[in-house]
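The structure under discussion appears below in the form of structure tokens.
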There are 4 protein chains.
Amino acid sequence: MSATAPIRVGVLGVGRIGGMHAALVAREVPGLALAAVYDTDGAAARTVADELGAPAAPSADELIGHVDVDAIAIASSTDTHVDLLVAAAATGKPVFLEKPISLDLAEVDRGLDAVTRSGSFLQIGLNRRFDPAHRSVRDAVVSGSLGALHLVRITSRDPEPPPLGYIEVSGGIFLDMTVHDFDMARFVTGSEVEEVYARGEVRVDAAIGEAGDLDTAVVTLRHADGTLTLIDNSRRSAYGYDQRVEAFGENGVAASDNPLLHTGFRRTAAGTTGAVLPHFFVERYRASYLEGWSAFERAVRHGDEPPVTGADGRHALVLGLAAWRSAREERPVRTSEIG
Amino acid sequence: MSATAPIRVGVLGVGRIGGMHAALVAREVPGLALAAVYDTDGAAARTVADELGAPAAPSADELIGHVDVDAIAIASSTDTHVDLLVAAAATGKPVFLEKPISLDLAEVDRGLDAVTRSGSFLQIGLNRRFDPAHRSVRDAVVSGSLGALHLVRITSRDPEPPPLGYIEVSGGIFLDMTVHDFDMARFVTGSEVEEVYARGEVRVDAAIGEAGDLDTAVVTLRHADGTLTLIDNSRRSAYGYDQRVEAFGENGVAASDNPLLHTGFRRTAAGTTGAVLPHFFVERYRASYLEGWSAFERAVRHGDEPPVTGADGRHALVLGLAAWRSAREERPVRTSEIG
Amino acid sequence: MSATAPIRVGVLGVGRIGGMHAALVAREVPGLALAAVYDTDGAAARTVADELGAPAAPSADELIGHVDVDAIAIASSTDTHVDLLVAAAATGKPVFLEKPISLDLAEVDRGLDAVTRSGSFLQIGLNRRFDPAHRSVRDAVVSGSLGALHLVRITSRDPEPPPLGYIEVSGGIFLDMTVHDFDMARFVTGSEVEEVYARGEVRVDAAIGEAGDLDTAVVTLRHADGTLTLIDNSRRSAYGYDQRVEAFGENGVAASDNPLLHTGFRRTAAGTTGAVLPHFFVERYRASYLEGWSAFERAVRHGDEPPVTGADGRHALVLGLAAWRSAREERPVRTSEIG
Amino acid sequence: MSATAPIRVGVLGVGRIGGMHAALVAREVPGLALAAVYDTDGAAARTVADELGAPAAPSADELIGHVDVDAIAIASSTDTHVDLLVAAAATGKPVFLEKPISLDLAEVDRGLDAVTRSGSFLQIGLNRRFDPAHRSVRDAVVSGSLGALHLVRITSRDPEPPPLGYIEVSGGIFLDMTVHDFDMARFVTGSEVEEVYARGEVRVDAAIGEAGDLDTAVVTLRHADGTLTLIDNSRRSAYGYDQRVEAFGENGVAASDNPLLHTGFRRTAAGTTGAVLPHFFVERYRASYLEGWSAFERAVRHGDEPPVTGADGRHALVLGLAAWRSAREERPVRTSEIG
């Protein structure tokens, strides 16, 4: 690939998140271009294709194999991820895969084996690693300015639950929501997790409980280096998307606070009032999605290691499975019990 | 124009600011499309045109008159504004005109007369009115929650001076920089300015002084309703683009603070550290540019009044001219002295 | 007791915390006066007595029984609390008792039984309930403005560990430090705790571990109403005394952030810098100590219930004992297992 | 005076501010003791004397001359300041004098001449210099970390106007309120003021205007080194005592923001809400009064120069007089015109 020609990305799946990726690739990220899109919903594919000025491929296989497609983004429904990953890996083309790789550990391993065999490039879409604020927390740890880490706190609260239909196929709160926080805990500490204790409740919507899921959860992680991580999650935060990370160590603390929607405020005799938080991930994490794609572009072009690996995706799943076992068996679970 | 077809905008001048407008129109604002671009620098025009998938027009006149151009954005150099405005107004097409209209009051009046005669739509690109934080200040005033206004404070500091060549044709700090703050003072208070006292210094770069300009300035305005406004400006803020507005009234205060580049921070025994401000207007005012164009789209489509009028642009110029006279004559100047 | 004469308080124990109470009573709280002090260290007692202009009593019994002592504050070492409480209760005089009542549940019950039998007034010195910021969190819950509670987060980190000699008699981190947070969890939620999961580490100082204690700990509480509380503690926070409470419910969140030592800050190209936190409880909780004593004064004068009861002190101890059992047995422990 | 014996301070005038000084001296500042108080209102003097355990002197002269009075605090009404200062200076005892020295420049000079002749120590009660947040701004300037100063902004807004009777003898807003800000401008910049432009209005209460005063004012100062200072004042701030200082220079900005009454806040779908500001100077500036007295104690004990000199008090008056002339003559006034 030439040093200056854009990397042409084909996008599989152009629903909410896939459509966002297609638009970022087409318009916002220097060095990338949108080669084609595909979706099982052909009308949706055509709409996105027209909007972004790229062709809609007739099938996933044709997109994957097309000579004008340099790299492949997989943003289709989770149950299709591994088959598409295996097919893409067979071409040796670089792949960007939305999280989670799969809800099934054996399936994850099938996909990652295919990548290993082909020696191809795989980046998992755990976007929060690229958020400038969260990254500043991890940079503080890596720089040594905090000294040895002692405690990490992660808050992650969505503004509203997804549709029940989605919840039923999502793997539940620990695989769908907390998975981001598990990855953040590993990213910030740089230390693997040995033990997971999870406690959840149904506080937001009884229907979520009837679907076998939880909507409110807290998790304690013990890392190999002795650091303790606390995570809290909710499916419904009335004031917007609450996303905070805090790393506390022997010399101090580094944290990422929430931005407000804007910086206007008012003071009267009744007190001070300001704005709410950004509503959800599209508003809050725009910079992280851009930077994730830029990191993909740089790594692919320079032959570097992926900034978020398949192993990272696998670890996050293991922690999610451990959390479910902990919640069900009401005891701390060691990750070595999972796989 | 149909209710659903996009308004096709032709953009005159695609330098830094014009290129930004062209990209916003082409990609980001629902209901708008980029019809064509023109620039006296043909190569620059072709580059932008290729990037955004729109034709480069052979001349300003052809762009203005083209049947596929529904509306015209003028973002060329200031000295060409009025001629282009007059030509555009003659077609009756809606016009978006970057500030300042002109540095010469008679020229401004020539342009605005043409708009009046044609009955066409003219929106001035005083973008800060659309910033959500500044707007929240004005909304607090309009809502009556602050009661009668007493004091307004506006801080506006650029990260670095423009090139000396630009400074020489810019009209100087009061016409180039403070003009935004003059408009903000009128916008926030809703009251015209009767008196201007300006005091400036050369603190940043002696070459700016040698070019006859100032780089550090403070201005006191007295509004018709008795409100006092204080403005401070600098051409060089080491920590980024500092943009704050504060309105103080009988029941309280409303203000827009600076956002930080991100929300990460660190605490050690040495204190708390956080990020800098956004570097300059492209980063800081992205939302305002988007909303300015959305407001243009809505107003044109619904036949509403422009959200920022030619008269607003003219008032800002009058205040800038009064400030220069005040600084030179070392006395408060009444706006009625200017015209 | 007349409506206007001050309530004359005798203070037992004038070490660091007792001396602070004596000074508050003597100088700062309207309606209270210092009647006398006593300490087993007679020289210390005389120094405080001279400084504050009150007599040093020759014995605890004489102070408790003296006709000019209207009320008794017990701030001596923990192992003396219950005997002094029983003696004070026998007089029927109101008692202010520093936390913890005792490290032994049977001893607590002996003391509380004495209070019950005498019908006297007992207020426990769990001062954080009176902090205006934490109280605003609880007020938000009580007001109903947050709706049903879902999650509570409490951070409590001391600037430095106490001397090892103290640690050895303190009951350990869960009885000495977390006890405040257990009380805060009950205070904020208004719901009893049914289950405790605690996980701790020795991260600050190996000597603390050798003394059988932990210095870094996290606790998960499940309340009777389904609310989950997360607590994190550290014995050493390099940036000062970190004290935060957050209550998250169906309609929003209320939180108390840390004040900074002062509100000065600086911005340069390297970022924004500000002050550290207040160093420790004397600086951070001055307002809470004052308000705790004012509440004592009001309740005693008007015959009201104590604002922090003996039962509150007992509950906090039960939770501390449950936390220790959880940490040792590596499982969630139900409070009904403790007593 | 021995190195360890307290400096015994006699306080003249124990109204609101004098009573506060007497209490600070008696109870809060190590190394100081209250020797005696005097007030023309004998009952007020006796109440304060009893409360603080010090004698009430029969006359100002007896207090000044008493052998057990080491130092003298003058906090009586402004019109008595200079006579008392002259009498105190004659004894050679150190003097702490509340601002303003006098409203009349000739009187100020009479007082300062007496101090000069006696070689005695005089500290003016311009307390804001000792506020930790404002001081951090000045420290940033002195440290050189901001580089050359360009702009200073000072906001000072009282929660409510004083009684009309007081306004009539106060010298008006520029001598009573802005005088603190004039001193702050000199303190922060370290540069004398050469030119003053003041503009005021009556916005708060027409009765203030009828008394010949203003209640809303803005001032522009030009310092000898070219720095420009902007000051804004109001007699009524609905949200509490608003006190901010900001120094902007070539390398950055240092500022003191307002503390809030407490750090609790709430977020709902309607936005974020927090506390108001401290109500007035007693709450906001407690630390500054304490530190001002500690600085007095240290300087007197060690024979150092006063931290706030009579010349500082005189300069502040000159600026206030220049501001009044500017406001009345509607032009910038050079301080050399005043004296």
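When you scan segment A:16-24, do you find a residue that is on the phi > 0 side of the Ramachandran plot and either among the acidic types (Asp, Glu) or surrounded by 18 or more Cβ atoms within 10 Å (Cβ to Cβ) (or both), even just one?
Looking through segment A:16-24, none of the residues is on the phi > 0 side of the Ramachandran plot and either among the acidic types (Asp, Glu) or surrounded by 18 or more Cβ atoms within 10 Å (Cβ to Cβ) (or both).
Would you mind telling me which numbered condition in (1) at the interface with chain C (Cβ under 8 Å from one of its Cβ atoms); (2) not in a loop (DSSP other than H, G, I, E, B) residue D:272 fails?
Status for residue D:272: all satisfied but (1).
Which one is farthest from the other protein chains (Cβ to nearest Cβ) among residues in segment B:275-287 that are in a loop (DSSP other than H, G, I, E, B) and free of Cβ contacts under 8 Å to residues at least 60 places away in the same chain?
B:278
Taking into account only those residues within segment D:83-109 that are in a helix (DSSP H, G or I) and among the β-branched types (Val, Ile, Thr), which is farthest from residue D:320 (Cα to Cα)?
If we take residues in segment D:83-109 being in a helix (DSSP H, G or I) and among the β-branched types (Val, Ile, Thr), then D:91 is farthest from residue D:320 (Cα to Cα).
Looking only at segment D:150-174, which residues are crowded, with 23+ Cβ neighbours inside 10 Å, more than 27 Å from residue B:215 (Cβ to Cβ) and aliphatic (A, V, I, L, M)?
Passing the criteria: only D:173.
Sort through D:236, D:203 and tell me the only one that's surrounded by fewer than 22 Cβ atoms within 10 Å (Cβ to Cβ), among the charged types (D, E, K, R), outside any strand (DSSP E or B) and away from chain C (no Cβ under 14 Å).
D:236
If I ask for residues that are among the charged types (D, E, K, R) and buried (at least 19 other Cβ atoms within 10 Å of the Cβ), which ones from segment A:276-296 would you list?
Correct list: A:284, A:291.
For segment C:125-151, what are the residues that are more than 11 Å from chain D (Cβ to nearest Cβ), part of a helix (DSSP H, G or I) and free of Cβ contacts under 8 Å to residues at least 60 places away in the same chain?
Across segment C:125-151, the qualifying residue is only C:142.
Checking residue C:27 against (1) in contact with a helix residue (DSSP H, G or I) (Cβ under 6 Å, 6 or more places away or on another chain); (2) surrounded by fewer than 21 Cβ atoms within 10 Å (Cβ to Cβ); (3) assigned to a strand (DSSP E or B), which test does it fail?
Single failed check for residue C:27: (3).
Taking the stated definitions as given, is residue A:312 touching a helix residue (DSSP H, G or I) at 6+ places or on another chain (Cβ under 8 Å), touching a residue at least 24 places away in the same chain (Cβ under 8 Å), charged (D, E, K, R) and away from chain B (no Cβ under 11 Å)?
yes
Might you check whether a residue that is under 13 Å from the mean Cα position of the chain (by Cα), within 19 Å of residue D:281 (Cβ to Cβ) and in a loop (DSSP other than H, G, I, E, B) occurs anywhere in segment D:110-124?
Checked against the condition, which is being under 13 Å from the mean Cα position of the chain (by Cα), within 19 Å of residue D:281 (Cβ to Cβ) and in a loop (DSSP other than H, G, I, E, B), segment D:110-124 yields no hits at all.
Against the definition (touching a helix residue (DSSP H, G or I) at 6+ places or on another chain (Cβ under 7 Å), within 30 Å of residue C:154 (Cβ to Cβ) and either crowded, with 24+ Cβ neighbours inside 10 Å or not aromatic (Phe, Trp, Tyr) (or both)), how does residue C:86 come out, yes or no?
When the stated conditions are applied, residue C:86 does not pass them.
Would a scan of segment B:266-275 turn up a residue that is surrounded by fewer than 16 Cβ atoms within 10 Å (Cβ to Cβ) and out of contact with any His (no Cβ under 9 Å at 6 or more places or on another chain)?
yes
When the residues of segment A:148-196 are filtered to those that are acidic (Asp, Glu) and more than 16 Å from residue A:101 (Cβ to Cβ), which remaining residue is modelled with the lowest pLDDT?
Out of the qualifying residues, it is A:168.
Does residue A:335 satisfy the condition of being more than 30 Å from residue A:212 (Cβ to Cβ) and among the β-branched types (Val, Ile, Thr)?
no
Quick one: is residue C:42 exposed (fewer than 15 other Cβ atoms within 10 Å of the Cβ) and at pLDDT below 95?
No: the conditions fail for residue C:42.
Pick from C:119, C:147, C:125: which is surrounded by fewer than 16 Cβ atoms within 10 Å (Cβ to Cβ) and touching a strand residue (DSSP E or B) at 6+ places or on another chain (Cβ under 8 Å)?
C:147
Given the condition farther than 30 Å from residue B:51 by Cα and touching a residue at least 12 places away in the same chain (Cβ under 8 Å), answer yes or no: does some residue in segment A:70-78 qualify?
Scanning segment A:70-78 turns up at least one residue that is farther than 30 Å from residue B:51 by Cα and touching a residue at least 12 places away in the same chain (Cβ under 8 Å).
Need the failing condition index for residue A:331 against (1) within 22 Å of residue A:138 (Cβ to Cβ); (2) touching a Lys or Arg at 6+ places or on another chain (Cβ under 8 Å); (3) assigned to a loop (DSSP other than H, G, I, E, B), just the number.
Failed condition: (1).
Out of A:220, A:189, A:216, A:229, report the one residue that is more than 14 Å from chain B (Cβ to nearest Cβ), in contact (Cβ under 8 Å) with a residue 12 or more places away in the chain, β-branched (Val, Ile, Thr) and touching a Phe, Trp or Tyr at 6+ places or on another chain (Cβ under 6 Å).
Of the residues listed, the single one that is more than 14 Å from chain B (Cβ to nearest Cβ), in contact (Cβ under 8 Å) with a residue 12 or more places away in the chain, β-branched (Val, Ile, Thr) and touching a Phe, Trp or Tyr at 6+ places or on another chain (Cβ under 6 Å) is A:220.
Considering (1) in contact with a helix residue (DSSP H, G or I) (Cβ under 8 Å, 6 or more places away or on another chain); (2) buried (at least 24 other Cβ atoms within 10 Å of the Cβ); (3) farther than 20 Å from residue C:154 by Cα, say which one residue C:208 fails and leave the rest.
Condition (2) is where residue C:208 drops out.
Can you confirm whether segment D:239-248 contains a residue that is touching a strand residue (DSSP E or B) at 6+ places or on another chain (Cβ under 8 Å) and either away from chain C (no Cβ under 14 Å) or at pLDDT below 95 (or both)?
Within segment D:239-248 (the criterion being touching a strand residue (DSSP E or B) at 6+ places or on another chain (Cβ under 8 Å) and either away from chain C (no Cβ under 14 Å) or at pLDDT below 95 (or both)), the answer is yes, since at least one residue qualifies.
Scanning segment D:152-168 for residues that are part of a strand (DSSP E or B) and of a type in the set (Ser, Thr, Tyr), which turns out farthest from residue D:236 (Cα to Cα)?
D:155
Do the conditions hold for residue A:266, that is, is it on the phi < 0 side of the Ramachandran plot and more than 14 Å from chain B (Cβ to nearest Cβ)?
It is false that residue A:266 is on the phi < 0 side of the Ramachandran plot and more than 14 Å from chain B (Cβ to nearest Cβ).
From the set of residues in segment A:89-115 that are among the β-branched types (Val, Ile, Thr) and in contact (Cβ under 8 Å) with a residue 60 or more places away in the chain, which is surrounded by the fewest Cβ atoms within 10 Å (Cβ to Cβ)?
A:115
Limited to segment B:249-263, what total is found for residues that are more than 30 Å from residue A:244 (Cα to Cα) and either more than 7 Å from every other protein chain (Cβ to nearest Cβ) or not in a strand (DSSP E or B) (or both)?
Within segment B:249-263, residues that are more than 30 Å from residue A:244 (Cα to Cα) and either more than 7 Å from every other protein chain (Cβ to nearest Cβ) or not in a strand (DSSP E or B) (or both) number 3.
Checking residue B:267 against (1) farther than 30 Å from residue A:258 by Cα; (2) part of a strand (DSSP E or B): exactly one of these is not met. Which one?
Only one criterion in (1) farther than 30 Å from residue A:258 by Cα; (2) part of a strand (DSSP E or B) is unmet by residue B:267, namely (1).
The values are calculated or read from the model by the stated rules, or taken from the named source; none is laboratory data. No experiment lies behind these values; they were computed from the predicted model shown. Every residue, glycine as well, gets a Cβ built from its backbone with ideal geometry; the counts of neighbours run over all protein chains shown.
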